[in-house]
Amino acid sequence: HTAITWAGESVATSASTVIIAFLAMTTADFAFVKSLGFIISGAIIIALLVALTLIPSILMLVGNRIFWPTTGKRWDTYRDKFMAKKAAGNHGYFHRAATLSVNHAKVVLIVAILVTIPTTYMFVTAETSFDFIGAMGDSESIDGIKAMTNDFGAGSIQPTQIVITGDVVVYDGTNFNYAYLDAIENVTFAVAAQSEVQKVTGITRPFGELVDYRNLDALNEEERNQVESAMLSTLGQDGHTVLLTVVLSEQPQSAASVAFISDMRAELKDLKASEPQLANSEIYVGGVTAALYDTAEYTDSEFFKVEILVVVGIFVILMIVLGSILLPAFAVLSIAMSISWAFALTYFVFGTLLSLPVLWLIPLILFVMLMGIGIDYNVFILTRIREEIHKGKDTKEAVVDAVDWTGGIITALALIMAGAFGAMMLSSNAMLQEFGFALTVAILLDAMVVRTYIVPAGLAVMGKKAWWAPGRLQREGREEKMRLKA
């Protein structure tokens with residue numbers, strides 16, 4: 001009963017913050033992201049209910065036998081030795097780490113800030129990649145792609161498509177609409193002239209070079225049939241739609257190629273406006289490179305909205321549970337430190353040392369995962385600090401004792417999570433290695449550095465102000481009643 005009364009609140013709060021983080025994903029328009037948010041948040045709700053109801057019921061039925069082999073006399077012996085060690089002042093690593101942090105709090109925070117400034121700058125400005133191919137590692141398919149790149153050009157792997165469609169009949173079964181072809185050729189020429197483009201094929205350039213489409217009759221029958229067939233292969237079945245195939249100079253998933261999509265679309269818009277024949281036509285740019293650009297643009301705005309909802313939701317939950325205004329803000333900022341540090345290390349190891357592309361999904365995944373997991377660790381330690389303060393201890397003593405008691409538990413949780421994510425680094429796939437490394441480093445930094453050193457230092461500097469909240473948000477009266485009742 002006592003455990004559910006005190007620890008149950010911490011567990012429920014931790015679960016609530018993670019549920020909020022994933023429920024925020026349900027506001028996205030992506031069906032995949034939306035369904036992922038519903039499924040994971042639902043699973044966490046079930047896990048929470050199991051922890052608060054089923055597990056206590058099993059404990060009541062099984063009794064202390066659940067703790068075998070540390071039961072009976074073994075437990076009594078272990079408990080007496082442990083408490084005697086504590087009473088004698090023989091504390092472990094976490095007690096020493098917390099003591100160091102509270103005694104040199106300002107120095108610890110200044111060092112943390114000095115480290116965070118450049119890592120945050122890197123997190124915001126670092127050029128991430130869309131190159132999933134380059135991040136796949138070595139395999140037969142990758143070797144084939146490299147061979148194609150060397151012999152046919154990097155862009156030939158996944159060419160970009162330009163579709164021009166409207167109400168104009170390009171070919172009526174006998175003759176081509178030469179005025180319309182002239183306009184298309186002007187578009188084709190302008191695109192092919194770009195330094196980022198290796199080659200363009202289309203109805204006026206079926207073989208990559210301009211053909212004299214106005215004088216096909218000058219060719220012999222065999223040549224004419226060949227050229228005409230190649231031209232018609234780029235014309236849609238409706239006779240109104242023309243396909244241009246663009247082979248880019250760079251690898252189609254490279255940052256340069258993806259960035260060029262925006263420039264190409266802007267130029268095509270200007271070309272359409274300057275060509276009267278295209279007034280009633282639409283021009284679309286598609287293909288893998290364009291899809292990556294659109295996905296990145298769309299998810300940037302979507303995840304920005306998700307990030308805002310996550311931060312606001314978590315702040316409100318922690319404000320209510322902790323009865324504080326400063327602590328929720330400090331908790332979010334401390335997790336942001338872990339995220340920026342982990343990303344900087346990932347970028348340095350994979351992007352600089354190993355010269356591998358760092359995927360644009362890495363910072364997004366780090367934010368969603370760490371905001372959930374990091375808040376868990378925050379809740380565990382902050383609620384324990386609050387309990388120690390309500391026992392009559394001053395802030396520094398409460399912080400040290402709380403870290404001493406919870407440090408091992410938080411670190412054990414972090415090692416379990418890090419082990420699970422770290423297993424991905426055993427893969428030969430560089431993409432999985434990146435995700436595994438980033439999440440492993442982030443979790444370990446958050447648990448073993450931020451929670452062990454930064455949080456105690458922050459609490460020591462804030463002192464009693466850390467627990468200030470206006471009006472009914474104050475928890476002192478409620479906590480005192482709960483303590484006396486327990």
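The values are calculated or read from the model by the stated rules, or taken from the named source; none is laboratory data. Since we're looking at a predicted model, the values are computed, not measured. Note that we place each Cβ from the backbone using ideal geometry, even for glycine, and neighbour counts take in every protein chain shown. Heads up: the accessible areas ignore ligands, DNA and RNA and are worked out on the full protein's heavy atoms, side chains in. Shrake-Rupley method; radii C 1.70, N 1.55, O 1.52, S 1.80 Å.
For the reader, a short list of remarks on this structure follows.
- GLY372 vs. criteria farther than 22 Å from SER101 by Cα and either modelled with pLDDT of 85 or more or open to solvent by less than 10 Å² (accessible area, probe 1.4 Å) (or both): yes
- Count - residues of segment 340-362 that are modelled with pLDDT of 80 or more and open to solvent by 20 Å² or more (accessible area, probe 1.4 Å): 12
- Annotation note: Cβ proximity below 7 Å between a residue of segment 75-90 that is open to solvent by 90 Å² or more (accessible area, probe 1.4 Å) and a residue that is outside any helix (DSSP H, G or I) (sequence gap 6+ or interchain) occurs for TYR78/THR70.
- With a requirement of 2 or more residues that are modelled with pLDDT under 80, the helices (runs of 4 or more DSSP H) lying completely within segment 50-135 that satisfy it span 72-87.
- Within segment 1-45, the set of residues being among the hydroxyl-bearing types (Ser, Thr, Tyr), surrounded by fewer than 18 Cβ atoms within 10 Å (Cβ to Cβ) and touching a residue at least 40 places away in the same chain (Cβ under 8 Å) comprises THR2, THR5, THR27.
- Filtering segment 317-336 to residues that are open to solvent by 30 Å² or more (accessible area, probe 1.4 Å) and either touching a helix residue (DSSP H, G or I) at 6+ places or on another chain (Cβ under 6 Å) or over 15 Å from SER14 (Cβ atoms) (or both) leaves ILE317, MET319, ILE325, LEU326, ALA329, PHE330, LEU333, ALA336.
- Those helices (runs of 4 or more DSSP H) lying entirely in segment 430-486 with at least 3 residues at pLDDT 90 or above: 430-445, 455-462
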